[in-house]
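Notes for the one structure printed next.
The values are calculated or read from the model by the stated rules, or taken from the named source; none is laboratory data. Computed from a predicted structure; not experimentally measured. FYI the Cβ positions are ideal-geometry reconstructions off the backbone, even for glycines, and counts take in every protein chain you see.
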Amino acid sequence: MNSIEAQHLTHRFANGDLALDDVSLRVKEGSIYGFLGPNGAGKTTTLRLLLGLLKKQKGHIQFFGQDFAAKRIEILRQIGSLIESPSIYSHLTATENLLLWQKLYQCPKNRIPEVLRLVGLGDTGHKKTGQFSLGMKQRLAIAVALLHSPQLLILDEPTNGLDPHGMVEMRELLKALNQQQGITLLISSHLLAEIEKLVTDVGIIHRGQLLFEGSLQALHQKQQEASSLVFVVNDPTAALALIQPVFPSVRAESDRILLPSLAQTDIARLNQQFVNQGIDVYGIQTTQSDLESIFMTMTND
Amino acid sequence: MQFIHSFQSEWLKTKRSLAFWLVVVGSFFIPLLMTVGRVIYADNLAKLVPLPNFWEQLLSQSWQFMAILLLPMGVILATSLITQLEFRNNTWKQLHATPQTFSTIFWAKLAVILSMMLGFFVLFNVGMYFSGIVPSALLPTVNLPAAAFPLRLYAETSGFFFVDCLPIVALQYLVSLQFRNFLMPLSVGIGVLLASMIAVEWKYGYTLPYTYCLYNFFKLRGATMPATGHTNIHLWALGYFALVTLASYVLYLLKSEK
Ligand SMILES: Nc1ncnc2c1ncn2[C@@H]1O[C@H](COP(=O)(O)OP(=O)(O)OP(=O)(O)O)[C@@H](O)[C@H]1O
Ligand SMILES: [Mg+2]
């Protein structure tokens, strides 16, 4: 079953900005879905739409197989969220903040110290949250999202403001929630590297359009395809004629021969063939495109 | 049921908030001044305590400062502060993603504001009572007031002032829900209040929504105003409250960005 199924979401803000253009998302139950895109791509807008924080203009939204508009309250009971900046009442302590959400969700009170410990805020006592550091606020916001033991977490840049150690901790925590309690996660980020080790599925959004959606493996596959091999030679025409029968996709750009990536032994053999045919090889380059650069190429038009 | 939980949650938010202190300090401020003044002018007080209308005088004096400026300003500030808490802390998005209807949120918040106001009236009456008793207790030469405390009169007076404040609550609530900037509800509040102060002498002054506290105070003083002879200002206040609250409710539900 899909935890989230959103179809054809289109959103235009009052000022005329088309923030989302026909975006469809599918988040499988039990998965960790990384929702990636650069600043201003439409991540937050999508998540706000999913939660009903923006009036839906076009499209359909389903959670757990149920229509959101029809079953809003039952659905929201199962969702924990953190959208953009932490939502924290700064004149109250961490415990008081959680207490007022506890009243609304009517979850057991002992969840409060539990989630505080979970996010590493076990000992803030009577300190007002207004005096918290950015990272501490972020942790508290995650505690709020976790408080009522939801089965789906929607987190908008959850590691925002955390130090490197905190980021690792947060990833571990999210992974543990997913693996031990089967919680589904939808996590947005503008850094692929940051969530690459965490996610099972990826959606890439840019300028309000979903460019890619699939498993992390599928993205790796794309990466494989995108990486390439370059020979710099003195006679590209001859080189091209020599290998075109074997590699139909080969191209020449001035003195450079461009091929899809090959195994090391194949590279050596190809080089030998060039030399045997009297073609001088000045250089061999392999461009390993990591996920980050795929992401960059996809989002760079 | 959800409404009660929502009310409890909203009530927790007022803890230690600016609005909370405004209510506490605001309700004891004038009684405290009255107490200090009466202790300092002990001779004057000695002449007052035997009077049969001792408590009526105290009521009228205490409300004088309260009704004209402090109460309307306090209601403007407290309503706006409580509502704007959500904007200031960026918490609307979290609140609107909780499993409750938007209606519940709207009415629970309004109920908390009204409860705070009720709390203010109770505290103010307690304060007035003590400002009548405490100076005599402190000064060995002055007797306690001879007249009995007219609880009913005090309660009724407060009841009318409560009703007369309701339009202020409703309009401030409406504006505070719509605009992120705190200056909006503040300037609307001060603007309408000033207009109302200017309009009290006018024949149709009662059509302005923030005039009713002023009119009620003049009535308490026994003064007749050109506008109040033939109209029931309390009904006008209730009417305004109902109308503006309804408008506020609809506008809140229609908001496209929550
Ligand atoms: N309230 C708003 N009114 C008008 N335009 C908006 C509003 N909120 C967002 N936008 C526009 O919608 C587009 C998408 O914004 P959004 O906040 O969804 O981006 P994002 O992917 O979350 O970016 P970031 O990584 O910076 O958080 C942007 O062009 C932005 O200017
Ligand atoms: Mg964002």
Quiz item: Would you say A:V230 is β-branched (V, I, T), surrounded by fewer than 13 Cβ atoms within 10 Å (Cβ to Cβ) and within 39 Å of the chain's Cα centre (by Cα)?
Solution: no
Practice problem: Of the conditions (1) in contact with a Gly (Cβ under 9 Å, 6 or more places away or on another chain); (2) more than 14 Å from chain A (Cβ to nearest Cβ), B:A97 clears all except one; give me its number. | Solution: (2)
Quiz prompt | Scope region A:133-166; condition more than 16 Å from ligand 1 (Cβ to nearest atom), among the β-branched types (V, I, T) and in a strand (DSSP E or B); matching residues | solution = none
Quiz item: So A:L92 clears everything in (1) touching a residue at least 60 places away in the same chain (Cβ under 8 Å); (2) within 13 Å of another protein chain (Cβ to nearest Cβ); (3) not charged (D, E, K, R) except one condition, right? Which one?
Solution: (1)
Exercise. Tell me, yes or no, whether region A:38-50 has at least one residue that is more than 16 Å from ligand 2 (Cβ to nearest atom) and either assigned to a loop (DSSP other than H, G, I, E, B) or surrounded by fewer than 16 Cβ atoms within 10 Å (Cβ to Cβ) (or both).
Key: no
Quiz prompt | Residue list for region A:49-87, filter: within 16 Å of ligand 1 (Cβ to nearest atom), of a type in the set (D, E, K, R) and over 21 Å from A:L174 (Cα atoms) | solution = A:K55, A:K56, A:K58
Quiz item: Considering only residues of region A:139-166 that are within 11 Å of chain B (Cβ to nearest Cβ) and among the hydrophobic types (A, V, I, L, M, F, W, C), which is farthest from A:I83 (Cα to Cα)?
Solution: A:L147
Exercise. Report yes if some residue within region A:212-230 is within 16 Å of ligand 2 (Cβ to nearest atom), away from chain B (no Cβ under 14 Å), touching a helix residue (DSSP H, G or I) at 6+ places or on another chain (Cβ under 9 Å) and small (G, A, S); otherwise report no.
Key: no
Exercise. Could you pull out the residue among A:A193, A:A238 that is within 16 Å of ligand 1 (Cβ to nearest atom), surrounded by fewer than 18 Cβ atoms within 10 Å (Cβ to Cβ) and outside any strand (DSSP E or B)?
Key: A:A193
Exercise. Take region A:85-131 and flag every residue that is within 28 Å of the chain's Cα centre (by Cα), at pLDDT below 95, assigned to a loop (DSSP other than H, G, I, E, B) and not polar (S, T, N, Q).
Key: A:V119, A:G120, A:L121
Quiz item: Going by the conditions given, is A:G34 assigned to a strand (DSSP E or B), within 14 Å of chain B (Cβ to nearest Cβ), more than 10 Å from ligand 1 (Cβ to nearest atom) and not aliphatic (A, V, I, L, M)?
Solution: no
